[in-house]
Structures are given as C-alpha cells and as structure tokens.
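Values quoted throughout were computed directly from the atomic coordinates according to the rules given, and no laboratory measurement underlies them. As the structure is a computational prediction, the values presented were derived from the model and not from experiment. Positions of Cβ are backbone-derived with ideal geometry, glycine not excepted, and every protein chain shown enters the neighbour counts.
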Amino acid sequence: MTDVARLAGVSHQTVSRVLNGHPNVREQTRLRVRAAIEELGYRPNRAARTLVTGRSQLLGVVAPNSTLFGPASLLAAFELAAGAAGFSVSVRRVRVLDRPSIAAAVEHHRDQRVAGIVVIAPTASANEALAEVPAAVPVVTVDGDPERAAALVTVDQEAGARAATRHLLDAGHRTVWHVSGPPDWFDAAGRVRGWQRALEEAGAEVPPVTPADWSASSGYHAGQMLARMPEVTAVFAANDHLALGILRAMNERGRPVPGEVSVIGFDDVPEAAYFIPPLTTVRPDFDAVATETLNLLLKRIAAGEPGPARRILTPTLVERGSVAAPPR
C-alpha cells in the first residue's frame, strides 16, 4: 500500500479509503489510485486485513451436492452478490443434508474463520443439524423450514402455487391436478399447500396428489398416467422439469397441450420459453433471494447475536403458451 500511495502521489490513508470503497474520495484521486494498483499488480492481503479490522472477508456456504436448478441458481447468485460486496465465498457441498454432514461442514467453515455462514437447507433432514449450530455463529438459512425460529430467506412457495392454480381455474378448468416434488422438501410441501388452498378457496374438487421427484423422467411417468384420465384437463407441476416430462407424455398419448390439457411449471428454467409449447411457469427471483440473504447475514454479523429474522419473497407467474380454456 505504501508503494501504491507513493506512485499515486497520495497518502497511505487515501489508498485504504479507495480499497474500502469510502465515498469521501474525489473521483480523480480514486482513478489515480486504481491506476497505480493495476500498474503495480497490488492485491490486498486478506489475512492481514482481518488482523487489523477484526473482520473476515470470507463467507461460508453449506450447499447440497446437487445440480437441481433451484439450489444451483441460489448458490451462483449468492457468490455474485457476495463478490460485488467485497467478500469471498467458500463453498462446502454435502451429499446428504443430515446432522453429521452439516455439522462437519459448519466446523470446516469455522476453522477457516469465516465471518458468517449460509446454509442452503431445502429438506427436513437439515433441521436437526441447524438446531445444534452454536448461537455465536452468524447463520442464515436459505429455503429452510418456514416453521423454524431462525434467520431465513425463502421464496413464498404457497403464494406461487396458488397463483398457478388460480390461473388454471380462471382459464375455465373445473379443477387442477398436481404432480408434486419429494415430500421431504420444504419447497414441494409448500407448493402442495398452495395448490390445495387455491382449490378449496374456489370450491373446486381437490384431486389426489401425484407424487414424483424433481426429474423430467418422473414427470413423464406421472404424465403417462394422467394422460389416460379424460377428466384431467389442467396440471400444475412442482417444477419445470416435471412439466417437461408431462408435456412429452401428453403428446405421445394424443392429448395436445394446451388444446386438451393445460400445464404450468415452477422455476422458469432458461429452457422453459423454448418448450413445445412454451411453458407457463412460476418464476422465483433468485438474485433477490441472494441479495436478501447477504444483507441479512451481514446484519447478523454486525449485531453479534440478533434474534430470528426472515425474508419471504413472492414469485411471479410468467404466462406463455401452455395454458388455454378446456375443451368443450
């Protein structure tokens, strides 16, 4: 930093202000310091900064070892948000979201002296482990148990499912069938509740849930069964990959979408707009979830041991070509 200050013709304190994004630096001075930093190839020593400030610039993330669109999108968005705020991110992936795996991942991050930890915990098996994390560790859970008293950021799954179901009912369908995700996922359970509530509020029949996992192949097998049932004219799938499998099954069975059957998904994967037909779906704002997660974690770090707080974000319905009025 002394070399940078000498080359830029400024004080050591001015270099520090530029590096920390302090607003009280003239733009011309800031540019001169940045140019000196680039010319000298200077990189801040994060370990030394931690010793001086008492604050680590490293955040830990515990995430499922999964390529599913939701968790993967959340993780990518959080890494970008943290980087923009000047933090590095250390990710510890676990094969199973159970007590031993999460406890080991948390201890790994504590050994790294992270400032705080984010746990992406979409399944019920994570609850026991999260309850044992020491209170002194700033932790925010993403997509965790909405009933648990803890710092939580999540998407309002029920609101998204209700919007999807109401959209199908408003199109004229008498009821809506649901192909669900795994029951131990909080997202899947919330979408079942929202679907059921929307039907009950409309006075519509509530069909039995068609269980599945999150895969297109599972949706295909569920769709083959539903395609044989002439009373099925509207299907809400718990995610877009399930919806993709349902679309193929309906097509193979001679039940065109949306001519005979309307289908809605959840997640708005990048390919959803290019399905045949383009898929109407529910879009969570993963960037907003990541930003809220980071902000809540930084507040917890600054406050020490604050009480539980939660941020619940409402997703939006994206209308495309897979919904129409039922056949007469």
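Along the charge dipole of the chain, pointing to its positive end and built from +1/-1 on Cβ of Lys, Arg, Asp and Glu, which listed residue (Phe236, Ala105, Tyr42) has its Cα farthest out?
Tyr42
With unit charges on the beta carbon (Lys/Arg positive, Asp/Glu negative), name the residue among Ala164, Ser16, Leu294 whose Cα is farthest towards the positive pole of the charge dipole of the chain.
The residue sitting farthest along the positive end of the dipole is Ser16.
Once you charge only the Cβ atoms, +1 for Lys and Arg and -1 for Asp and Glu, what is the size of the charge dipole of the range 153-262 about its Cα centre, to the nearest 20 debye? Walk me through the numbers on the way to the answer.
Values: 10 positive and 13 negative charges, 50 e Å.
Charge dipole of the range 153-262: 240 debye, to the nearest 20.
If you put +1 on each Lys and Arg Cβ and -1 on each Asp and Glu Cβ, how big is the dipole of the chain around its Cα centre, in Debye rounded to 20?
So the magnitude is around 1060 debye.
Can you tell me how the range 200-299 classifies by the Cα gyration tensor, rounded, prolate or oblate, using a/c under 1.5 as the rounded cut? Intermediate values should be presented prior to the final figure.
On the way: a/c = 2.43, a/b = 1.81, b/c = 1.34.
Prolate shape, in that a/c is at least 1.5 and a/b is the bigger ratio.
Sorted by mean Cβ packing within 10 Å, highest first, what order do the peptides 214-225, 160-171, 95-106 take? Write down the numbers at each step before the final one.
Working: 214-225: 20.2, 160-171: 22.0, 95-106: 17.2.
Highest to lowest by the protection proxy: 160-171, 214-225, 95-106.
Given the options Thr314, Gly60, Ala126, identify the residue whose Cα lies farthest towards the positive end of the charge dipole of the chain (+1 on Cβ of Lys, Arg; -1 on Cβ of Asp, Glu).
So the residue we want is Gly60.
Where does each of 112-123, 245-256 land if you order them by average Cβ count within 10 Å, highest first?
Peptide ranking by packing, descending: 112-123, 245-256.
What distance in nm separates the two pseudo spin-label positions at Leu80 and Ala273, each 7 Å out from Cα along the beta-carbon direction?
1.5
With an 8 Å cut-off on Cα pairs and a minimum separation of 6 or more residues, tell me the relative contact order of the chain in percent. Provide the component values of the computation, followed by the final result.
Numbers: 636 pairs, mean separation 52.8, N = 328.
About 16 percent, as a whole number.
Which order do peptides 205-211, 22-28, 61-67 fall in by mean Cβ count within 10 Å, highest first? The partial results should precede the final answer.
Details: 205-211: 15.0, 22-28: 9.1, 61-67: 18.9.
Peptide ranking by packing, descending: 61-67, 205-211, 22-28.
With the chain treated as a Gaussian network of Cα nodes joined by springs under 10 Å, which of Leu40, Leu199, Leu297 yields the largest mean-square fluctuation?
Maximum among the listed residues: Leu40.
Please give the charge dipole size of the range 120-218, origin at the Cα centre, charges +1 on K and R Cβ atoms and -1 on D and E Cβ atoms. Round to the nearest 20 debye.
On the way: 7 positive and 14 negative charges, 63 e Å.
Magnitude of the dipole: close to 300 debye.
Could you let me know the centre-to-centre spacing of the range 111-146 and the range 160-193, using Cα atoms, in angstrom?
Comparing the Cα centres of the range 111-146 and the range 160-193, I get a distance of 28 Å.
What helices in the chain pass both tests, a Cα length along the helix axis of 15 Å or more and a mean Kyte hydropathy of 1.0 or higher, using whole DSSP H runs? Before the final figure, lay out each step's value.
Details: long enough: 27-40 (20 Å, -0.59); 69-84 (22 Å, 1.32); 99-111 (18 Å, -0.82); 157-170 (20 Å, -0.64); 186-202 (24 Å, -0.66); 216-227 (16 Å, 0.06); 240-252 (18 Å, 0.22); 286-303 (25 Å, 0.76).
Correct list, ordered by number: 69-84.
Along each principal axis of its Cα atoms, how long is the chain end to end? Whole angstroms, biggest number first, please.
Per principal axis, max minus min of the Cα coordinates gives 81, 44, 31 Å.
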